[in-house]
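Heads up: the structure comes next, in structure tokens.
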Amino acid sequence: MHSIGELARASGLTVSALRFYDSAGVLEPALVDPVTGYRWYTDEQIAPARLVAGLRRIGMPVPEIAAAVRAEPAAVHRLLDTHLRRLVDGLADARREVTRLRALVDPAQPATTTLLLTPADLAAAVDAVRFAVGADPELPMLSGVLLDVESDGVRLVATDRYRLALARAGADVDGPPVRVFVPVDLVDQFRPLLDAADAWPVRLTVAGADLHVAVAGRTLTGSALSYDFPDYRRLLRKAVGERPAARRIPVDVAALRAALADPAAPTVAREHDGEALAVTVLGVDDQGGLRLLPAADLGTDALRVGVNGGYLLDALDAAGAPQLVLELDGPVAPLAVRRPDDADTYSVLMPIRL
């Protein structure tokens, strides 16, 4: 048997850290002396303690460390892959924020970034996110579409707090990556022109707050909104990041649309901001398919989520696909609406408390 001090030296953990992981149920001693309270550990606990020390150094959350200590090697590798993606995303977020802060500290002449896109790709991306643009005049920071320009394309993002939609279009990009918040009026001006553009490429130019969209022989100009768009990447990690417990249910869009639009479709009455609201509750049937739950079944169906039925219809239409996948992860988790053939185009609906 090894004392807590000996295990600390063998593992690289401090004594206080070992006490913490004992109280958290991550690494409990094999024996606690009932008289002195001293903790004793076996030889077999040295390797798990070293694993805990390593996971702690890379900043893995305590619940995942606890899972790793008890998991098979394959599951530990999956946890490591998940955490590595989280670190990479966090580093990318930090770099973008540092770039923004540098511009605040020392404003310079804005660089120009130009994108060339096919009209069809840009039209599909706009259609996938337009429904989620905020329309509340008291929240102007949501009244547009974020264009997050990367080296090989652009990601479009829109949200009104209750739903979040994303899509991506490939592009030839000349200039540095940039994030620009495009007012919805400008988006609505150039969207109809995309249908008439045929083989003409769309040229989108961003120079600071100045926007120029050349399409179908016309050039539209506008100014980017000055608001800071919400950190959608962080929202996504919280909402639909790594969700191993989520149930992925394939659905036929036409059939689900008809079921939602049926006047006899079951709903649950709730109140929101003093107004009555008919909530659509989604659950799973005996065959693993999607079903709409009546109020009488709420207590019997463990996997359920309440959403605004109209918002769900909007998301189905915006996806533009005959088959979709819905991700359900319980009554307080957001509902994800995904295309099976496009990992970059999906929407998220916030749940309504049942």
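The values are calculated or read from the model by the stated rules, or taken from the named source; none is laboratory data. Computed from a predicted structure; not experimentally measured. All Cβ positions, glycine included, derive from the backbone under ideal geometry; neighbour counts span all protein chains shown. Each accessible area value is taken on the protein alone, full model and side chains, heavy atoms only, with ligands, DNA and RNA left out. Shrake-Rupley method; radii C 1.70, N 1.55, O 1.52, S 1.80 Å.
Rg over Rh of the range 1-151, using C-alpha atoms and the Kirkwood radius, what does it come to? It would help to have the intermediate numbers written out before the result.
Details: Rg = 25.0 Å, Rh = 20.4 Å.
Ratio of gyration radius to Kirkwood radius for the range 1-151: 1.23.
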Cα coordinate range in the range 76-150, projected on the principal axes (Å, largest first): 44, 36, 34
Mean Cα-pair separation over length for the chain, i.e. relative contact order, pairs under 8 Å, 6 or more apart, %: 12 percent
Calculated FRET efficiency for the pair THR42/THR14, C-beta based, R₀ 22 Å, to 0.05: 0.65
Cβ-Cβ FRET estimate between ARG78 and ASP285, R0 fixed at 35 Å, reported to 0.05: 0.75
Separation in nanometres of the label points that stand 7 Å from Cα toward Cβ, at ARG257 and ASP273: 2.8 nm
Overall dimensions of the range 5-70 by Cα: Rg and Dmax, Å: 11.3, 37
Geometric extent, Cα atoms of the chain - Rg, Dmax (angstrom): 25.4, 87
Along principal axes, Cα extents of the range 246-339, largest first, whole Å: 35, 26, 24
Rounded FRET efficiency, nearest 0.05, which uses the C-beta distance separating VAL62 from ARG234 and R0 of 25 Å: 0.80
Cβ-placed point charges (K, R +1; D, E -1), dipole of the chain about Cα centre in debye, nearest 20: 880 debye
Percent carbon-and-sulfur accessible area, the range 239-354, ignoring ligands, DNA and RNA, probe 1.4 Å: 51 percent
Of GLU327, GLU44, GLU64, the one that fluctuates the most in a GNM where the chain has Cα springs shorter than 10 Å: GLU44
